[in-house]
Number of protein chains: 2
Amino acid sequence: MAKVFGHIEGHPVGSQYQWRRELSAAGVHAPLMGGIHGNSREGADSIVVSGGYPDDEDHGDVIIYTGHGGQQGGRQVRDQDITDPGNAGLVRSELEGNVIRVVRGSGGDREHSPATGFRYDGLYRVESHHSKVGTDGYRIWQFRLVAAEPTDSPADHVAFHGSGEVAPVPRIPVTVQRAVRKTQVTQWVKELHQDQCQLCGLTLEVPGGSRYSEGAHIQAVGHPHRGPDVADNVLCLCPSCHVLFDYGARYLTDDLRVMDGLTHQEIGRLRTHRRHRIDVRYVRQHRGRWVAE
Amino acid sequence: MAKVFGHIEGHPVGSQYQWRRELSAAGVHAPLMGGIHGNSREGADSIVVSGGYPDDEDHGDVIIYTGHGGQQGGRQVRDQDITDPGNAGLVRSELEGNVIRVVRGSGGDREHSPATGFRYDGLYRVESHHSKVGTDGYRIWQFRLVAAEPTDSPADHVAFHGSGEVAPVPRIPVTVQRAVRKTQVTQWVKELHQDQCQLCGLTLEVPGGSRYSEGAHIQAVGHPHRGPDVADNVLCLCPSCHVLFDYGARYLTDDLRVMDGLTHQEIGRLRTHRRHRIDVRYVRQHRGRWVAE
């Protein structure tokens, strides 16, 4: 089933469902079995949290969610695998910054779960993941999910200790150095190139079968450049080449040779795809920002 | 003079000053001459917008600010240079995501400037920069500054056309795929390594004499990992290695060999600096997230 990231129309946060087949028919969580709807290619778009894994932690706006697999009769009997489609889907959604619909079932954490059936509790993002040896003695994968649209719950401000005690997270003053934005168009370009950098050829592969790349607008969007969000104005780049391109350390000639912005020497050719045409007007606008011609 | 990023205590947004020497004594804009306080090594921490450059555009929350240099008697007489310390400082602050104090003088845009003297108008970030041939026929560098703490002005929602007509910016739905956060500790580590990646050795250099790197916590900060924001828990990485490290495609051995997280083969050694010790506890915690031992 196709992945749909975000709310489902007609199913606001708080919607209740008695059975899995209602959840599925609604499109809120498509599969009838399994807690994760996802795979490594498309990412995961929804999960059900219902208390099936003893290492889960539900703090409201923050959920430590145990991945899929290795259970028999409600107990962990072997290690989990990060390449399991559901787990790999969560990794992919973490890399892509996708939002994930979270459904809570009545079997979950008492404070945060519905008394009966299932409830749609809104959108979360995967912030990080890790493996550890779980309470049943086997290696499990865990995903830290954080509410994308925080509720009034104070849970995102606290850290949970093993003892059950709640303490404040140490306050570390942070600011954002760089934010990578994405659109449906950048997603399409990245998929077409299978995340291979069009400038340097690198494909960043991570455990779990996911790859990472960024969509870069050639003529920057927004004032004063006002480039359009269309595929022939977008490149698929690795994060390092994205920085270099955005700051004029890389630019393109009309015939798509890659130039070094410091030495003005040719260093290669842009990798292209027959279904992804680059419009030379955007190439010229970008080059004009950096080079006098 | 040392750079101070952010508000100056005792000088709230809206503070007024009659003379440049008052602005300087307050530390709001340190130099007595010149519109930009900055250099390529430290970045720029404040600017004065006072109408000295005909290509400036002031839309309130968005300012298109012309860089420094090439003027004589109030006219542009030669090309500007991106390596001019002030201009290079703005590039560095853009790369670092630094906030910049904006002071408006009475000579600037009528709608947004004080009637007399100077006024501190709050913190902005450099969103992008570019060069173009200015109205006087010489190449100038321009910086798009956006209010870091938006006021009520609708200016950030509109694009300004050459005709003076104001039109809405096309609405492109974007979400954030990746955000790179920084702290004082990550800044210190990056400076020590002069932005050279400790994993692959790459230094990203951009025109204007700036370099780019990211500070990566080895044991991730925040629940559930709760790593500390201390230098012996931080690496200086290029953006691509940062992604690989955060997703377990790179991990370290106790003696700081660099391992490929997919093949578990050694691929090099961590670059170190004698003043930057790495604590093996954090290395083990990071490795334990990805590898069963």
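The values are calculated or read from the model by the stated rules, or taken from the named source; none is laboratory data. Only a predicted model underlies this, so the values are computations on that prediction, with no experimental measurement involved. We place every Cβ from the backbone using ideal geometry, glycine too, and count neighbours over all the protein chains shown. SASA here: full protein model, heavy atoms, side chains in, ligands and nucleic acids out. Shrake-Rupley method; radii C 1.70, N 1.55, O 1.52, S 1.80 Å.
Just a few scattered comments:
- Per-copy distances of the residue A:9 label point, shortest first, in nm (7 angstrom along Cα→Cβ): 5.5
- Extension gain, residue A:226-residue A:272: 0.36 nm per intervening residue step, less the Cα-Cα distance, totals 14.2 nm.
- GNM top mover of A:13, A:28, A:103 - chain A, alpha-carbon springs below 10 Å: A:13
- D by Stokes-Einstein for chain B, Kirkwood Rh over Cα pairs, 20 °C, 1.002 mPa s: 101 µm²/s.
- Between copies, the label points at residue B:32 (set 7 angstrom from Cα along Cα-to-Cβ) are spaced 8.3 nm, reported in nanometres from shortest to longest.
- Helical content alone sets the calculated 222 nm signal of chain A at -4500 deg cm²/dmol, taking -39,500 (n - 2.57) per DSSP H segment of four or more residues and averaging over every residue.
- Residues within the reach of a label modelled at residue A:106 (point 7 angstrom out along Cα to beta-carbon, backbone nitrogen below 12 Å), restricted to region A:1-34, are A:17-20.
- Most mobile of B:68, B:242, B:273 in a GNM of chain B (Cα contacts under 10 Å): B:273
- Cα gyration tensor, region B:4-168 - rounded (a/c under 1.5), prolate or oblate: rounded
- Taking a Cβ cut-off of under 12 Å around residue A:214, the surrounding Lys, Arg, Asp and Glu residues balance to a net charge of +3, with basic ones at +1 and acidic ones at -1.
- Residue order for B:15, A:213 - accessible surface, 1.4 angstrom probe, largest first: B:15, A:213
- Take each residue of peptide B:237-248, count the partner chain Cβ atoms within 10 Å of its Cβ, and average: the result is 6.
- Residues A:206, B:77, ordered by accessible area of protein heavy atoms at a 1.4 angstrom probe radius and largest first, appear as B:77, A:206.
- For the peptide A:218-226, the mean number of other protein chain Cβ atoms found within 10 angstrom of a residue's Cβ is 6.
- Per-residue SASA entry for residue B:53, accessible area with 1.4 Å probe, Å² rounded to 10: 40 Å²
- Rounded to 0.05, the FRET efficiency of the residue B:292 and residue B:22 pair, given R0 = 51 Å and the Cβ-Cβ distance, is 0.20.
- Sequence of A:121, A:109 when ordered by accessible area, the most exposed leading, probe 1.4 angstrom: A:109, A:121
- Residue B:1 - accessible surface, heavy atoms, 1.4 Å probe, Å² rounded to 10: 150 Å²
- Carbon + sulfur, % of accessible area of the protein assembly as shown - ligands and nucleic acids excluded, 1.4 Å: 49 percent
- Between A:203, A:186, A:135, the residue with the greatest mean-square fluctuation in the GNM of chain A (Cα pairs under 10 Å linked by springs) is A:135.
- Of all DSSP bridge pairs formed entirely within the protein assembly as shown, close to 95 percent run antiparallel.
- Unit charges on C-beta of K, R, D, E only; dipole of region B:4-168, Debye: 500 debye
- Starting from the label point of residue B:228 at 7 Å along Cα→Cβ, the same points in the other copies fall at 5.5 nm, in ascending order.
- Extension gain (nm, one decimal) between residue B:203 and residue B:263, 0.36 nm per residue minus Cα-Cα: 19.0 nm
- Residue A:127 - accessible surface, heavy atoms, 1.4 Å probe, Å² rounded to 10: 110 Å²
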